[in-house]
Amino acid sequence: MEGMMKCAIYKSAKNIVVEERAIPSISSKDVLVKVLRAGICGSDVGIYLHGGEGYGLPSDSQFGHEMIGRIVEKGSDVADDLNVGDVVFIDPTLSTENGVAGSTAAGAFCEYALVKNAALNYNLYHLEDPDLDKLAIIEPLCVGTKAATMVEPKLDEKVVVLGAGTIGLSAAASLIARGLKKIVVVDRDSKRLEVARHLGAETVNTTEKDLKEELIRILGAFPGYFPLPDVDMYIEASGSSALFRQCFDLAREKTRYAVVSVLNEVTLNGLNFIATQPVIYGSRGYEHETIAEVIDHLQKNKTNIREIVTKKYKIDDFPQAIADAASGKQIKVLIDYEME
């Protein structure tokens, strides 16, 4: 397909422009996807606020990685289970030849995205639900789901999610979709916590309540020398080193900590580390099994996670859209390529 397309182009910190670029050409193993929805991720906001160099994104580059779209062209060697007209989720970590490193510039903020070495259930996934705004959150929901489920939490376990942003709410939703009943989301933003309650979680607003006392009230106390919240796992999605340290000091025996946010340096209590035998693990990205679980979650409407979509913009208004996302006033901002 020849012609030009609109793209959001990173120039420098707080300098994003919309320009016309050539539509990518495909090879025999590739497909071209018309992007229908794209989400602005926290890493995109980081690029906007602090510059792309720390994210491996040089000036004058396209960017964006959360996207769904429709196949408009396919190469001659692409299998018959992918066809022009299919609505698909694109796994940006596998859609370029540079893997995870190339996902930052996978093309979500362009009208068309090239998918190299296209294959079903590898880097492209069929979608059937007509609610494209809901399906547009597949990628961040995958990130939250992997963090929450990679150690296979049991249905009767008690989990506390730190942070009610996109990833924290996604982590909570994934556990609720699996059938866990004792989920608590912690944040300082009352509107975000309201979304968490709509998902089915209990909430704690730390500007209003003492965290330790509230967790004991909601989840009960673990018996010991001092009362501690009876929590099996904390999921750190807040980005607050102080909050993570506070919850580490609340550990009872063999508490698990999943860290999916980017934290500054954290000093942990060595005596607590030995005495309570915690397990701390980091979580990045997702795999095929996670993507399949998330698509099933969304297409069967297992939770109200769609509520995290709080604002939409046209691609022409991308500079305003990313500034809005960076303001902290929205949860998930989408680019809707079908908006007039």
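The values are calculated or read from the model by the stated rules, or taken from the named source; none is laboratory data. The model shown is predicted, which means the values in this text are computed figures rather than measured ones. So basically every Cβ, Gly included, is an ideal-geometry build from the backbone, and we count neighbours across all protein chains shown. SASA here: full protein model, heavy atoms, side chains in, ligands and nucleic acids out. Shrake-Rupley method; radii C 1.70, N 1.55, O 1.52, S 1.80 Å.
Once you reduce the range 274-290 and the range 119-140 to the center of their Cα atoms, the two points are 25 Å from each other.
Taking amide H as placed 1.01 Å from N in the peptide plane, residue 158 has its amide H under 5 Å from the amide H of 232, 233, each at least 5 places away in sequence or on another chain. In the chain, the sites counted are chymotrypsin sites (Phe, Trp or Tyr not before Pro) in DSSP loop states with at most 15 other Cβ atoms within 10 Å, and the longest stretch holding none of them, exclusive of the sites, is 1-121. The relative contact order of the range 24-75 comes to 59 percent, based on Cα pairs under 8 Å that sit 6 or more residues apart. The 3J(HN,Hα) values that the Karplus relation (6.51, -1.76, 1.60; θ = phi - 60°) gives for the range 303-314 are, in residue order, 9, 9, 4, 4, 5, 6, 6, 10, 7, 10, 9, 7 Hz. Gly and Pro appear as x.
Counting only cysteine Cβ atoms and a cutoff under 4.7 Å, the chain contains unmatched residues 41, 142, 247.
Report the far tail of the P(r) of the range 162-305, meaning the percent of Cα-Cα pairs longer than 25 Å.
27
So which GluC sites (Glu not before Pro) in the range 198-230 pass both tests, a DSSP loop state and at most 14 other Cβ atoms within 10 Å of the Cβ?
208
Overall dimensions of the range 84-217, expressed as equivalent-ellipsoid semi-axes from the Cα gyration tensor (√(5λ), whole Å, largest first), are 34, 15, 14. On a per residue basis, the chain carries 44 Å² of accessible surface, using protein heavy atoms and a 1.4 Å probe. Of the trypsin sites (Lys or Arg not before Pro) found in the range 188-295, those in coil by DSSP whose Cβ has at most 11 other Cβ atoms within 10 Å are 254, 284. Given the choices (1) 152; (2) 128; (3) 165, volume of the Cα convex hull per residue in Å³ derived from the coordinates of this structure is entry (2).
For the range 195-280, the spread of Cα positions along the three principal axes, ordered from largest to smallest, is 38, 32, 20 Å. Before anything else, pin down the relative contact order of the chain: Cα pairs under 8 Å, at least 6 apart, normalised by residue count, whole percent. Over the chain, the number comes to 17 percent. Taking the protein heavy atoms of the range 204-318 in the context of the full set of protein chains, the accessible area attributed to carbon and sulfur is 50 percent at 1.4 Å. Among residues other than residue 264 with Cβ under 13 Å from its Cβ, the summed charge is -1 (Lys and Arg +1, Asp and Glu -1). Here the Debye sum runs over all C-alpha atoms of the range 1-86 as equal scatterers in vacuum, and log10 of I(q)/I(0) at q = 0.10 Å⁻¹ comes out as -0.32. For the chain, the mean residue ellipticity at 222 nm estimated from helices alone is -8000 deg cm²/dmol, where every DSSP H run of n ≥ 4 contributes -39500 (n - 2.57) and the total is divided by all residues, rounded to the nearest 500.
Of all DSSP beta bridges confined to the chain, the antiparallel ones make up roughly 55%. In order along the range 21-27, the Karplus-derived 3J(HN,Hα) couplings, from 6.51 cos²θ - 1.76 cosθ + 1.60 at θ = phi - 60°, round to 10, 5, 5, x, 8, 9, 9 Hz, and Gly and Pro are given as x.
Computed across the range 11-151, the Kirkwood hydrodynamic radius from all distinct Cα-Cα pairs reaches 15.5 Å.
Annotation: amide H of residue 61 within the under-5 Å range of 10, sequence separation 5 or more or interchain, hydrogens built in the peptide plane. Here the dipole of the range 59-194 is about 760 debye; that uses its Cα centre as origin and unit charges on the Cβ of Lys and Arg (positive) and Asp and Glu (negative). The mean sequence separation of alpha-carbon pairs under 8 Å and at least six residues apart, normalised by the residue count of the range 1-135, gives a relative contact order of 29 percent. If you take all other residues with their beta carbon under 11 Å from the beta carbon of residue 307, and give Lys and Arg +1 and Asp and Glu -1, the sum is +4. When Rg and Dmax are taken over the Cα atoms of the range 62-124, they come to 10.8, 30 Å.
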